1. Give the residue that is farthest from Val287 (Cα to Cα), with candidates limited to residues of the range 214-224 that are part of a helix (DSSP H, G or I), touching a Pro at 6+ places or on another chain (Cβ under 8 Å) and open to solvent by 20 Å² or more (accessible area, probe 1.4 Å).
2. What number of residues within the range 225-260 are among the small types (Gly, Ala, Ser), part of a loop (DSSP other than H, G, I, E, B) and open to solvent by 20 Å² or more (accessible area, probe 1.4 Å)?
3. Residues of the range 29-59 being in contact with a Leu (Cβ under 8 Å, 6 or more places away or on another chain), closer than 25 Å to Gly235 by Cβ and assigned to a loop (DSSP other than H, G, I, E, B), which ones?
4. Between a first residue in the range 234-245 that is without any contact (Cβ under 8 Å) to a residue 40 or more places away in the chain and a second residue that is of a type in the set (Gly, Ala, Ser) and assigned to a strand (DSSP E or B), which pairs have beta carbons less than 8 Å apart while being 6 or more apart in sequence or on different chains?
5. Kindly establish whether Val273 is at negative phi and without any contact (Cβ under 8 Å) to a residue 60 or more places away in the chain.
6. Of the residues in the range 202-213, how many are over 14 Å from Arg261 (Cβ atoms) and surrounded by fewer than 20 Cβ atoms within 10 Å (Cβ to Cβ)?
7. Those residues that are assigned to a loop (DSSP other than H, G, I, E, B) and under 19 Å from Ala68 (Cα atoms), I need them from the range 86-111; list them, please.
8. Do you know which of the residues in the range 198-225 that are at pLDDT below 95 and of a type in the set (Asp, Glu) is farthest from Glu335 (Cα to Cα)?
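The values are calculated or read from the model by the stated rules, or taken from the named source; none is laboratory data. Bear in mind that the values here come from a model prediction, so they are computed numbers and not experimental data. Cβ: placed from backbone, ideal geometry, glycine included. Neighbour counts: every protein chain shown. Surface accessibility is based on the protein's heavy atoms, side chains included, excluding ligands, DNA and RNA. Shrake-Rupley method; radii C 1.70, N 1.55, O 1.52, S 1.80 Å.
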Amino acid sequence: MTNRSVYLQAGKAFHAAIAEARRFVGATAPNPPVGCALLDAEGTILAVAAHHRAGTPHAEANALRACAERGLTDRIATAIVTLEPCNHTGRTPPCSEGLLATPVKTVWIACADPNPKVAGGGAARLEADGREVRWLEREQHHIPDGPVLLTQCRGLIAPFIRWSVEQRAWLTVKQAVNIDGLMVPPTGRTTFTSNAALDLAHRLRRATDAVVTAGGTVRADLPGLDVRRIDDHMGRKPRMLVVCSRTREVPSNWLSMAERRFDVIFSDSVEEVPKKLAEAGVLWALVEAGPTLLGELRARSLWDDWLRIAVRPDGNEDFSVERRHDATPLALFDELAGAVIAGRSECV
């Protein structure tokens, strides 16, 4: 098989693994979403799977089981994974050993395991047993869409890195503004964005583990903040809802409604929000609030990426993304890809 064929097949398989992992973004915390594809010697994809939620089998195990159920295990020649296979026993067995129990010859890995709480070493374990390990980062420019694929794989684990390394949740700010740059919708309306932008907002809510808002926003708008325009993850435990308010004064009927949908907590200090969320196992939170809270987040550099939706006079929107890190989970949203590439800010 030529190098060109190998790279074409790797690119196709990474696309498939990422697409499957994206389906479960927002359901796996405190684990990251991960995808895996298994190929035969001719490059045919035998199985594609993802990690569904913490405590259940990892992506590699799900893909291996799918192959076994179809009698295809003996045909496995290549594995494609968005994150380095684990090499430790936690609530599930090591994925490295699962792969080594097959005839797999080559394992492509997009991102190294960043978790300092575990031993890691999945790639080294595979190599020690004579399997070839190839890294997307090193060969991205040979693979069709390689840099885009790597950006998306890094986006899958960006909140997990923030959580596992710094013990802080990732905060994405979503801010809609009018042509004058103000967060003021037309008279009589609570929003001024299009249906497409509203769909994006609900997809963001589905992908995140918590929502952060402000007491003033609650009193002014009585926001629902739940996932409504698309189907949410089935069987998902309630998300957290953090209300930043020193007085904790919100309408009782709104609070009763919110407590049926969320685990609601109040915070007296915005400074404590990323750490408090992380302690609760939240990887990624979406901030939906007014200019006062957003101003505090910006002034104190508590945000990780900032999605700005600017409404044009014709009613359509322009998206822009500021980001404070090399990677961002917003790269997983196709309509934001251009804004993510153009929107790099200072890295911290």
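1. That would be Arg219.
2. Matching residues across the range 225-260 total 1.
3. Matches in the range 29-59: Ala29, Pro30, Pro32, Pro33, Val34.
4. Filtered contacts from the range 234-245: Arg239/Ala210; Leu241/Ala210; Val243/Ala214; Val243/Ser267; Ser245/Ala214; Ser245/Ser267.
5. no
6. The qualifying residues number 1.
7. Thr92, Pro93, Pro94, Ala101, Thr102, Pro103, Val104, Lys105, listed by residue number.
8. Asp221
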